[in-house]
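Engineer: First, the structure itself, so that you have it in front of you.
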Amino acid sequence: MKIEKKPVFIAVAVLVCIAMIFSTPAWSKDTYKIGGIFSVTGRASFLGDPEKRSMEMAVKTINDNGGIDGKMLEAVIYDTEGDPTKAVMSISKLISRDRVIAIIGPSTTPTTLAVMPFAQKAKIPLISCAAGNKITQPVNPYIFKTAQSDVLAVAAIYKHMQDKGIKSAGILTVSNSFGESGRQQLEKQAKNFGINIVKVESFGAKDTDMTPQLTKIRSAKPDAVVCWGTNPGPAVVAKNVKQLKMDIPLYQSHGVASPKFIDLAKDAAEGIILPTGKILVADLLQDADVQKKVLDKYIDEYKKSYNLSVSGFGGYAYDAMNILAKALKGSDGDTKKIRDALENLKNHVGVSGVFSYSKEEHNGLGPDAFVIVRIKNSGWELVK
Amino acid sequence: MEELLQYLFSGITNGAIYAVIALGFSMLYNATDLINFAHGEFVMLGGLGLVTFWTVFNLPLPVAFILAAGMGGFAGFLFERLAIRTVSKPQPIVLVIITVGASIFLRGAAMLVWGKDAHGVPDFSSHEPIDIFGATLLVQSLWILGIVLIMVAGLHFFYNRTLTGKAMQACAINKRAAWLTGIPANKMVLLAFIISTSLGAAAGVIIAPVTMCSYDMGTMLGLKGFCAAMLGGLGSLWGALIGGFLLGSLESLGVGFFSSGLKDAIAFILLLLILYIRPQGIMGTADSKRF
């Protein structure tokens with residue numbers, strides 16, 4: 001038996017080798033290959049899944065309109081499952097095997113941080129869809145991003161507090177990279193807005209009761225509480241605040257800006273104030289808003305293409321693809337030229353805000369990318 | 001004072017959750033000498049089952065409760081028949097690893113059925129939180145507390161007063177000897193699985209309003225429940241109760257008087273200490289080793 005198996009094994013090995021040699025795609029002059037790295041499945045799939053769909057949708061629209069400089073776009077998308085190791089494998093494949101000229105994604109901050117050095121080394125422009133501030137600070141020549149940084153979200157919250165005459169705050173953050181980054185920004189920017197942070201507490205992402213932390217915050221007597229986390233923790237916090245009968249305003253982060261949060265926190269969500277990108281409240285915006293038209297078009301297209309309600313996150317990839325399309329014009333597929341065009345891009349009206357990149361600024365958004373909303377009657381209400 | 005009381009109330013809320021999960025571990029260990037690391041996943045099944053039966057199908061709460069717990073029991077039945085009994089050489093380590101595999105499988109299946117988002121359910125009774133000396137306690141915590149006590153008392157009665165319960169314990173002590181005396185050992189193991197998993201699912205049902213339900217809620221809850229069961233003494237029903245409350249209270253006191261970052265560390269340091277000083281747990285007896 002054993003002796004018979006050997007030639008078969010060798011034959012298979014030879015076949016696999018041949019297949020691998022020939023599967024390396026020949027560089028085609030008629031298409032631009034764009035890589036996509038998203039966490040389509042796994043924990044962060046709520047980000048990656050709509051991002052993948054949005055990117056595919058944007059590519060299809062561009063191709064239907066004749067492509068760029070007569071060349072069609074081809075999207076090569078890999079799934080990271082939210083795992084930095086898989087993200088690194090994906091980007092290596094995109095660079096060495098698929099020979100893409102630009103990359104969109106990854107979806108989360110840890111995966112982006114893991115792949116950044118590879119894009120930088122290969123000198124391939126990468127437009128990340130993650131929020132983390134560390135991605136574009138300090139600036140890497142080839143790394144851009146489209147998601148709003150938490151810097152802007154914190155600024156939007158503090159601005160609102162300042163307007164309301166709030167002088168002190170207690171903060172409660174989830175103990176993961178999202179919460180940590182939020183806490184750093186909250187502590188750093190507080191001085192600029194004349195806000196005194198009286199208590200800093202944290203909670204685990206899967207914790208089921210935050211009353212001890214809130215009790216500690218309550219005894220420090222702040223004017224407001226800021227909670228920074230993603231579902232379901234902040235919903236538990238909202239319930240606990242009601243349970244403890246704390247009658248000070250509760251601010252939440254943009255991490256829970258979705259109808260899901262209201263669904264989880266139920267009555268406890270009423271009156272909570274949070275910053276959000278405009279996509280969530282597109283129908284409440286005035287027609288004069290510069291983003292209104294883009295938002296309506298995106299939401300309409302997304303609903304038509306996938307028959308799904310739009311999420312706040314797909315826009316990051318949609319913006320990235322459209323920005324990239326602008327930069328690709330006249331670049332002839334040269335990655336250096338694409339990069340330069342990206343850096344010189346000004347006033348691109350996108351789903352997440354108005355982008356103006358520069359040498360020092362690779363996120364390109366201003367504080368107007370966020371609006372402050374209050375939850376009222378299980379819906380959103382714009383507040384000034 | 002007010003703060004201390006609030007920390008203790010928080011401890012009761014969490015402790016009751018840990019205790020009800022620990023109970024399932026202990027119950028199965030008592031009957032089969034096996035630790036089911038998929039227990040947290042049955043808790044998750046119960047919680048998500050309630051989401052479906054109560055908030056989606058709009059069934060009355062008691063009916064939804066029974067259906068969700070029954071669903072957990074049925075899943076346990078399938079688990080025992082398809083994964084546990086089919087093992088040709090049932091060594092403990094093999095079975096434990098099978099339960100770990102089952103937990104991964106159940107988590108994946110739940111993700112496909114219920115999606116990746118968390119789901120919330122309303123409290124059982126829409127009553128304002130109870131105010132005692134300035135500290136507040138959720139009514140749902142009392143529900144959990146009450147049901148845990150009923151479960152422990154029920155199991156205690158089952159093991160000590162009914163023939164089936166005694167037969168089940170006999171199987172755990174020596175399966176072959178039990179079989180020789182005419183106890184259908186396989187049936188007893190199956191029954192133990194069904195009871196334990198439906199208890200787990202019932203636990204998921206009663207904690208759902210407090211914890212919110214998602215496909216991946218079971219892992220951490222299972223670990224904490226296991227920790228509580230070890231603390232109290234694996235196999236001891238009252239020990240599970242005490243372990244759960246001890247763990248919950250120490251966690252919230254730790255958050256209150258030290259740092260919220262240390263919350264999970266406290267639980268596991270405590271577990272290590274107990275295992276070092278009193279390996280059999282608080283309520284366990286030193287001669288509880290069985291062959």
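Engineer: Look through the stretch B:1-40, keep the residues that are in contact with a Cys (Cβ under 9 Å, 6 or more places away or on another chain) and hydrophobic (A, V, I, L, M, F, W, C), and return whichever of them is surrounded by the most Cβ atoms within 10 Å (Cβ to Cβ).
Structural biologist: Within the stretch B:1-40, the match that is surrounded by the most Cβ atoms within 10 Å (Cβ to Cβ) is B:ALA22.
Engineer: Another question about this same structure. If we only count helices (runs of 4 or more DSSP H) wholly inside the stretch B:85-186, which ones have 2 or more residues that are within 14 Å of chain A (Cβ to nearest Cβ)? Please lay out each step first, then the result.
Structural biologist: Details: elements: B:92-114, B:139-161, B:163-173, B:175-180.
Output list reads B:92-114, B:139-161.
Engineer: Looking at (1) within 21 Å of A:GLY67 (Cβ to Cβ); (2) touching a residue at least 12 places away in the same chain (Cβ under 8 Å); (3) surrounded by fewer than 21 Cβ atoms within 10 Å (Cβ to Cβ), which is the only condition A:ARG339 fails?
Structural biologist: Going through (1) within 21 Å of A:GLY67 (Cβ to Cβ); (2) touching a residue at least 12 places away in the same chain (Cβ under 8 Å); (3) surrounded by fewer than 21 Cβ atoms within 10 Å (Cβ to Cβ) one by one, A:ARG339 breaks only (3).
Here is a yes/no grid of residues against (1) surrounded by fewer than 17 Cβ atoms within 10 Å (Cβ to Cβ); (2) basic (Lys, Arg); (3) assigned by TED's automatic domain parsing to the domain that holds A:MET321; (4) touching a strand residue (DSSP E or B) at 6+ places or on another chain (Cβ under 6 Å):
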site	(1), (2), (3), (4)
A:ASN65	yes, no, yes, no
A:ASP79	no, no, yes, no
A:ASP83	no, no, yes, no
A:SER92	yes, no, yes, no
A:PRO106	no, no, yes, yes
A:THR111	no, no, yes, no
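Engineer: Here is a further query. When you go through A:LEU328, A:LEU308, A:LEU345 one by one, which is the residue that is at pLDDT below 95, surrounded by fewer than 19 Cβ atoms within 10 Å (Cβ to Cβ), within 22 Å of A:PHE38 (Cβ to Cβ) and out of contact with any Gly (no Cβ under 6 Å at 6 or more places or on another chain)?
Structural biologist: Working: A:LEU328 fails: surrounded by fewer than 19 Cβ atoms within 10 Å (Cβ to Cβ); A:LEU345 fails: within 22 Å of A:PHE38 (Cβ to Cβ).
It is A:LEU308.
Engineer: Check B:ASP33 against each of (1) more than 14 Å from chain A (Cβ to nearest Cβ); (2) among the acidic types (Asp, Glu); (3) touching a Ser or Thr at 6+ places or on another chain (Cβ under 6 Å) and name the one condition it does not meet.
Structural biologist: Unmet for B:ASP33, out of (1) more than 14 Å from chain A (Cβ to nearest Cβ); (2) among the acidic types (Asp, Glu); (3) touching a Ser or Thr at 6+ places or on another chain (Cβ under 6 Å): (3).
Engineer: Does A:ALA320 count as surrounded by 21 or more Cβ atoms within 10 Å (Cβ to Cβ) and within 14 Å of chain B (Cβ to nearest Cβ)?
Structural biologist: no
Engineer: Report whether or not B:THR13 is over 30 Å from B:GLN169 (Cβ atoms), within 14 Å of chain A (Cβ to nearest Cβ), within 16 Å of the chain's Cα centre (by Cα) and among the hydroxyl-bearing types (Ser, Thr, Tyr). If you could, list the steps in order and put the result at the bottom.
Structural biologist: Numbers: over 30 Å from B:GLN169 (Cβ atoms): yes; within 14 Å of chain A (Cβ to nearest Cβ): yes; within 16 Å of the chain's Cα centre (by Cα): yes; among the hydroxyl-bearing types (Ser, Thr, Tyr): yes.
When the stated conditions are applied, B:THR13 passes them.
Engineer: Could you look through the stretch A:125-139, keep only residues that are in a loop (DSSP other than H, G, I, E, B) and in contact with a strand residue (DSSP E or B) (Cβ under 6 Å, 6 or more places away or on another chain), and pick out the one that is modelled with the highest pLDDT?
Structural biologist: Initially, the stretch A:125-139 is screened for residues in a loop (DSSP other than H, G, I, E, B), giving A:125, A:129-132, A:136-139.
Now narrow it down to the ones that are in contact with a strand residue (DSSP E or B) (Cβ under 6 Å, 6 or more places away or on another chain): A:125, A:136.
Numbers: A:PRO125: 95, A:THR136: 89.
Only one residue tops the list, namely A:PRO125.
Engineer: Here is a follow-up. Restricting the first residue to the stretch B:118-140 and requiring it to be farther than 23 Å from A:PHE261 by Cα, which pairs with a second residue that is in a loop (DSSP other than H, G, I, E, B) and among the charged types (D, E, K, R) meet a Cβ separation below 8 Å and a spacing of at least six or different chains?
Structural biologist: Qualifying pairs under 8 Å: B:ASP131/A:LYS245; B:THR136/A:LYS245.
Engineer: For the stretch A:275-287, does any single residue satisfy the condition of being out of contact with any Leu (no Cβ under 8 Å at 6 or more places or on another chain) and either under 25 Å from B:THR13 (Cβ atoms) or within 14 Å of chain B (Cβ to nearest Cβ) (or both)?
Structural biologist: The answer is no, given that none of the residues of the stretch A:275-287 is out of contact with any Leu (no Cβ under 8 Å at 6 or more places or on another chain) and either under 25 Å from B:THR13 (Cβ atoms) or within 14 Å of chain B (Cβ to nearest Cβ) (or both).
Engineer: If I ask for residues that are facing chain A (nearest Cβ under 9 Å) and in a loop (DSSP other than H, G, I, E, B), which ones from the stretch B:204-224 would you list?
Structural biologist: B:MET212, B:SER214, B:ASP216, B:MET217
Engineer: I've got another one for you. Just checking, which of A:ALA169, A:ALA155 is in a helix (DSSP H, G or I) and either under 21 Å from B:ILE17 (Cβ atoms) or more than 9 Å from every other protein chain (Cβ to nearest Cβ) (or both)? Before you say what the answer is, go through the steps one by one.
Structural biologist: Values: A:ALA169 fails: in a helix (DSSP H, G or I).
After applying the criteria, what remains is A:ALA155.
Engineer: Same structure again: Within the stretch B:40-62, can one find any residue that is in a loop (DSSP other than H, G, I, E, B) and of a type in the set (D, E, K, R)?
Structural biologist: no
Engineer: What are the residues in the stretch A:356-376 that are in contact with a Lys or Arg (Cβ under 8 Å, 6 or more places away or on another chain) and farther than 29 Å from A:ILE272 by Cβ, if any?
Structural biologist: Across the stretch A:356-376, the qualifying residues are A:SER356, A:TYR357, A:HIS362.
Engineer: Which helices (runs of 4 or more DSSP H) sit wholly inside the stretch A:174-258 and have at least 1 residues that are facing another protein chain (nearest Cβ under 8 Å)? Show your work before the answer.
Structural biologist: Values: elements: A:177-189, A:211-219, A:233-243.
Filter on the stretch A:174-258 gives A:211-219, A:233-243.
Engineer: Here's another thing I want to ask about it. Can you tell me how many residues in the stretch A:295-321 are over 17 Å from A:ALA130 (Cα atoms) and not hydrophobic (A, V, I, L, M, F, W, C)? Break it down stepwise before answering.
Structural biologist: Going through the stretch A:295-321, the residues over 17 Å from A:ALA130 (Cα atoms) turn out to be A:295-310.
With not hydrophobic (A, V, I, L, M, F, W, C) added as a condition, the list becomes A:296-298, A:300-307, A:309.
Qualifying residue count for the region: 12.
Engineer: Looking only at residues in the stretch A:237-267 that are among the small types (Gly, Ala, Ser) and at pLDDT below 90, which one is farthest from A:ILE157 (Cα to Cα)?
Structural biologist: A:ALA265
Engineer: Going through B:SER103, B:SER88, B:SER125 one at a time, which residue ends up being out of contact with any strand residue (DSSP E or B) (no Cβ under 9 Å at 6 or more places or on another chain), farther than 26 Å from B:PHE245 by Cα and among the hydroxyl-bearing types (Ser, Thr, Tyr)?
Structural biologist: On the way: B:SER103 fails: farther than 26 Å from B:PHE245 by Cα; B:SER125 fails: farther than 26 Å from B:PHE245 by Cα.
The unique qualifying residue is B:SER88.
Engineer: Exactly one condition in (1) assigned to a helix (DSSP H, G or I); (2) facing another protein chain (nearest Cβ under 10 Å); (3) under 27 Å from B:ARG107 (Cα atoms) is false for B:LEU199; which is it?
Structural biologist: Exception for B:LEU199: condition (2).
The values are calculated or read from the model by the stated rules, or taken from the named source; none is laboratory data. A quick note: this is a predicted structure, and the numbers were derived from the prediction, not measured. Virtual Cβ from ideal backbone geometry, glycine too; neighbours counted across all protein chains shown.
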